[in-house]
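**Q** Supplied in structure tokens, the structure appears directly below.
The values are calculated or read from the model by the stated rules, or taken from the named source; none is laboratory data. Owing to the predicted nature of the structure, the values given are computational and were not obtained by experimental measurement. Cβ coordinates were reconstructed from backbone atoms using ideal geometry, including for glycine residues, and neighbour counts include every protein chain displayed. Note: accessible area is taken over every heavy atom of the protein model, side chains too, but ligands, DNA and RNA are not part of it. Shrake-Rupley method; radii C 1.70, N 1.55, O 1.52, S 1.80 Å.
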Amino acid sequence: MTGLLCGKTALVTGSSRGIGRAIAQRLAGEGATVAVTARSYEPSVSVRSGVGSAIPGTIDETIALIESAGGEAFGLAADLEDPRQRDGLIDAVLERTGRVDIVVNNAGFADYAVIEEMDLETFDRTVEHYLRTPFALTRAAVPHMREQGAGWIVNIGSVTGVAPLRPYREYNKTSGDVIYASCKAALHRFTQGVAAELLDSNIAVNCVGPSTAVRTPGAASLIPDSFPTEPVEYLAETVLAMCHLPAAERTGLVAFSLHYPWSSGLSVHTLDGRSVLPPLEPPTSSNPNIMPLGM
């Protein structure tokens, strides 16, 4: 552990489990005080195709993992689909710590369906999570980051946001990920555009996505058993890499979690930062349209 983020406060949305929890642990492992957020303090119910099921993972469990490793964290329950709760989230962080240095827009909602079978509510919820929420939290955080003289915003993208290969795979024909993937592609472009707007204020804006997929509790049912997946530590390390350099040195990237560490020689650590994991080369099945150091 280097203490790279000592004195900084990081907000990680959707950090009660999965990718968000791993990112929160990694940032805390480098000294950040992490605001752990989710819809509530109880395990949340995920509704897909009209069917609800509770998914394991809570705010308190993430905080306990961070504190057991010597880090600092606190919890904030906020339903990001509720405009009042969403719009008050940055202020809630400021009330606890007096600053907000890092915002990781990770929380999401995915309910796949082919276009002719997708209802408008699912479409709207997908847009709400992957476009409106990053926009709202970025807009709220920027004035405070500008006043502090620096800031880091990381959006969690997806390899599905990269154009599918031709000839189309069976997955692309049947998975129903088009709206999710389209929102992620828009999030990639949002990242690049906001990075340009905020460069002169020393606020870095980057995007990180899995090179393949991460089999989290929330996403497992959407990932075919045969689909290649990757350890979450590589994504968490890539996010960390986007959270400390001045904007003039690293901003506007859309980086993927096996490609970026491999091509840049970045050492990947366990989530507590205490051990180094072996380098993992991106699999040959990866989309060749991914640029190793970010689009």
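**Q** Would you work out the relative contact order for segment 1-142, in percent, from Cα pairs under 8 angstrom that are 6 or more residues apart?
**A** 25
**Q** Would you work out which of Asn155, Gln192, Leu65 lies farthest towards the positive end of the dipole of the chain? Charges go on Cβ: Lys and Arg +1, Asp and Glu -1.
**A** Gln192
**Q** I would also like to ask the following. Using mean Cβ contacts within 10 Å as the protection proxy, how do 119-126, 140-147 order, highest first?
**A** 140-147, 119-126
**Q** While we're looking at this one, here's another question. Only four residue types carry charge here, +1 at the Cβ of Lys and Arg and -1 at the Cβ of Asp and Glu. Report the dipole size of segment 155-283 about the Cα centre in Debye, rounded to the nearest 20.
**A** Dipole magnitude for segment 155-283 comes out near 320 debye.
**Q** Springs between alpha-carbon atoms under 10 Å, Gaussian network over the chain: tell me which of Glu67, Glu95, Glu30 tops the mean-square fluctuations.
**A** Result for the chain, Cα springs under 10 Å: Glu95 fluctuates most.
**Q** While we're here: Once the chain is represented by equal point scatterers at the alpha-carbon sites, with solvent omitted, what log10 I(q)/I(0) does the Debye formula produce at q = 0.10, 0.12 Å⁻¹?
**A** The Cα Debye sum returns log10 ratios of -0.48, -0.72.
**Q** A further question on this structure: Quickly work out the Glu67-to-Phe135 label distance, labels modelled 7 Å from Cα along the C-beta direction, and quote it in nm with one decimal.
**A** Reported label-point gap for Phe135 and Glu67 is 3.8 nm.
**Q** Something else about it: How long is the gain from Glu95 to Ala163 if the chain were fully straight, where each residue apart is worth 0.36 nm and the alpha carbon distance is subtracted?
**A** Stretched fully, the Glu95-Ala163 segment lengthens by 20.3 nm.
**Q** Next question, about the same structure. Whenever you get a sec, compute what percent of the accessible area on segment 172-295 sits on carbon and sulfur atoms (1.4 Å probe).
**A** After summing per-atom areas, the C and S share lands at 56 percent.
**Q** From the helices alone, meaning DSSP H stretches of at least four residues, give me the mean residue ellipticity at 222 nm for the chain, per-run term -39500 (n - 2.57), in deg cm²/dmol to the nearest 500.
**A** Taken over the chain, the calculation gives -10000 deg cm²/dmol.
**Q** With a ≥ b ≥ c taken as the square roots of the eigenvalues of the C-alpha gyration tensor of segment 172-295, please select rounded if a/c is under 1.5 and otherwise prolate if a/b is larger than b/c or oblate if it is not?
**A** oblate
**Q** Using only alpha carbons, build the gyration tensor for segment 70-139 and give me the equivalent ellipsoid semi-axes, biggest first, whole Å.
**A** They are 29, 12, 10 Å, listed largest first.
**Q** Okay, next question. With every protein chain left in place, what is the accessible area per residue of the chain in square angstrom, probe 1.4 Å?
**A** The answer is 44 Å² per residue.
**Q** Continuing with this model, one more query. Note down the relative contact order for the chain as a percent, whole number, built from C-alpha pairs under 8 angstrom at least six residues apart.
**A** 18
**Q** Given the alpha-carbon gyration tensor of segment 1-151, what are the semi-axes of its equivalent ellipsoid in whole angstrom, ordered largest first, with each equal to the square root of 5 times an eigenvalue?
**A** So the equivalent ellipsoid measures 28, 19, 12 Å along its semi-axes.
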